[in-house]
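Chemist: Take this structure first; my questions come after.
Taken together, the values in this text are just the output of simple stated rules run on the coordinates, not laboratory data. All values derive from a computational prediction rather than experimental measurement. Reconstructed Cβ throughout: ideal geometry from the backbone, glycine too, with neighbour counts over all protein chains shown.
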Amino acid sequence: MKLTNKLKKVCIAIVLVAYLPLNAAAWGQTGHRIVGQVADYYLTVKARKAVKDILGAESMAMASNWPDFIKSDTYYNYLSSWHYVNIPGGLDQKGVFQFLDNDNQGNVYNKIPEMIAILKNKQSTADQKKMAMRLLIHFVGDLHEPMHTARKEDLGGNKVYVSWFGQKTNLHHVWDESLIEYQQLSYTEYAAAINHPTKAQFNKWSHDSLKESVYESYLACNKIYDMTKADDKLSYRYNFDFVDTLNEALLKGGIRLAQIINGIYA
Ligand SMILES: [Zn+2]
């Protein structure tokens, strides 16, 4: 009898573990789609035509999720480190720039120029361009998820266990999905709701380098680490404190993505 109970407990534990977000490694589907949708607002006529020639009927919003869908195919395992860059805590801007210059692992910072180069190259095949465009849309989104520029020792917050409205989760997942889903907006509603950059914001975000974009994500990430500790019970107050940071990240991700694509087809 005792053994049966024990077995039952083991079975329940296995089922629970199977449902934990073990490999949460990107804005969730909605976050990526918001970035893709915002970018779509700002494409030039030339860029919009080029994107349509490459993606066909697939919108930028929907193309954004492909790099996460393919994670279930081990053939694409080589892409897994491209979704983020682990940056040590406590660096100033110069330190972050130096770190980015010297990090040899394929990461979200050093792979974006490779995607741009494939799209610019007239020798690239249609398939190569399609893959590069989908990856570019996705990775510019990931770069703006603050916990994708986070620390290696806790796997970008995946090992900082917290609760979200009573549900056990981790800090990385809160930023990938929980905060966004809490807003209860579709990706089109969300993109429209946040698409109000000031002139100054638009000008700055359009001209920032990729390095500066990473540094801004890193600053947001440091603020998140400072204000969130393991075992914190996150709920209404956390949303109140961070929803503006979240929305700004999504908006500038979309605007910068449009600038990159407009630049390719200028
Ligand atoms: Zn990703």
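Chemist: At 7 Å along the Cα-to-beta-carbon direction for both SER72 and ALA266, put a label point, then send me their distance in nm to one decimal.
Modeler: 4.1
Chemist: Just order 40-53, 232-245 by mean Cβ neighbour count inside 10 Å, highest at the front, would you?
Modeler: 40-53, 232-245
Chemist: For the chain, what is the relative contact order in percent, using Cα pairs closer than 8 Å and at least 6 residues apart in sequence?
Modeler: With pairs under 8 Å counted, the relative contact order is 31 percent.
Chemist: Can you compute log10 of I(q)/I(0) for the chain with the Debye formula, treating each Cα as one identical point scatterer, at q = 0.07, 0.12, 0.15 Å⁻¹?
Modeler: After summing over all Cα pairs, the log10 values are -0.26, -0.72, -1.10.
Chemist: P(r) for the range 140-266, please, calculated from all Cα pair distances in 10 Å bins and given in %.
Modeler: Computed distribution, short to long bins: 12, 42, 33, 11, 1.
Chemist: Say R0 is 45 Å: what FRET efficiency, to the nearest 0.05, do GLN128 and ARG237 get from their beta-carbon distance?
Modeler: 0.45
Chemist: Okay, next question. Looking at the range 124-172, which chymotrypsin sites (Phe, Trp or Tyr not before Pro) are in a loop (DSSP not H, G, I, E or B) and have at most 15 other Cβ atoms within 10 Å?
Modeler: Sparse-neighbourhood loop chymotrypsin sites (Phe, Trp or Tyr not before Pro): PHE165.
Chemist: By average Cβ neighbour count within 10 Å, what is the ranking of 60-66, 76-82, 122-128 from highest down?
Modeler: The densest-packed peptide leads the list: 60-66, 76-82, 122-128.
Chemist: Turning to a different aspect of this structure: Among all helices in the chain defined by DSSP H, which have a length of 24 Å or more along the axis from Cα atoms plus a Kyte-Doolittle mean of at least -1.0?
Modeler: Helices meeting the span and hydropathy rule in the chain are 2-19, 126-143, 210-227, 236-264.
Chemist: Which lysines have a Cα lying under 17 Å from the Cα of LYS223, excluding residues fewer than 8 positions away in the same chain?
Modeler: Answer for LYS223, where 17 Å is the Cα cut-off: LYS152, listed by chain and number.
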